[in-house]
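Novice: Just passing along the structure, written as structure tokens.
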Amino acid sequence: MPTEFVMLALLILLALVNILWAGAARTRQYGPEWNMGARDEQVPPLHPFPARLLRAQANLFETLPLFVAALLGAAAVGHLGPLTHWGSIVYVVGRIVYLPLYAAGIPKIRTLVFSISLVGLVMTWWALLFG
């Protein structure tokens, strides 16, 4: 299997980890009845840790569709190569490092790591266009 698709599988796993971690943190704050309920009632604001996990999840879901589209598009037109290989690694590793940095509330390094992951996304997109 090409490295790009191994990275895609890791990215899906990362998204699931992020979803479950954020959900567990909110459940710890609001309780299992809230989690299993309709969630129609007003709840107090999230504590900082679960709020950061939820923001990290939203941030991932902003760029994840762009990366998947660029990667699958590049594969569809036969443009898998060094740019998609390294671009997918840079993007996914950046996103893996980003999550715990955001969860820990580390601001400047987190932003740098996010920017690095965007470089991987742009590399993959570039490969889609220019092979």
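Each reported figure results from applying straightforward, stated rules to the coordinates on display, with no laboratory input. Model, not experiment: these values are computed from the prediction. Please note: Cβ atoms are built from the backbone with ideal geometry, for glycine as well, and neighbour counts cover all protein chains shown.
Novice: Below 8 Å between Cα atoms, with a sequence gap of 6+, how large is the relative contact order for the chain in percent?
Specialist: 32
Novice: Pick out which of LEU60, LEU16, LEU121 has the largest mean-square fluctuation in a Gaussian network model of the chain, springs linking Cα atoms closer than 10 Å.
Specialist: LEU16
Novice: Further question on the same structure: Please report the net charge: other residues with Cβ closer than 11 Å to the Cβ of GLU33, K and R +1, D and E -1.
Specialist: For residues surrounding GLU33, the net value is 0.
Novice: Grab the alpha carbons of the chain, take their convex hull, and tell me the volume per residue in Å³.
Specialist: 110
Novice: Using only Cα atoms, tell me the angle between helix 3-30 and the longest principal axis of the chain; keep it within 0 to 90° and round to the nearest 10.
Specialist: Rounded to the nearest ten degrees, it is 10.
Novice: I've got another one for you. When Lys and Arg each count +1 and Asp and Glu each count -1, what net charge do the other residues less than 14 Å away from PHE61, Cβ to Cβ, add up to?
Specialist: That sum, taken over residues with Cβ under 14 Å, equals +1.
Novice: Placing unit charges on C-beta atoms (Lys and Arg positive, Asp and Glu negative, everything else neutral), compute the dipole magnitude of the chain about its Cα centre in debye, rounded to 20. Walk me through the numbers before you get to the answer.
Specialist: Numbers: 8 positive and 5 negative charges, 73 e Å.
So the dipole magnitude of the chain works out to roughly 340 debye.
Novice: If one takes the longest principal axis of the Cα atoms in the chain, at what angle in degrees, from 0 to 90 and to the nearest 10, does the Cα axis of helix 82-104 lie?
Specialist: So the helix axis and the longest Cα principal axis differ by about 20 degrees.
Novice: Taking only Cα atoms, what is the 0 to 90° angle, nearest 10, from helix 107-130's long axis to the longest principal axis of the chain?
Specialist: 40
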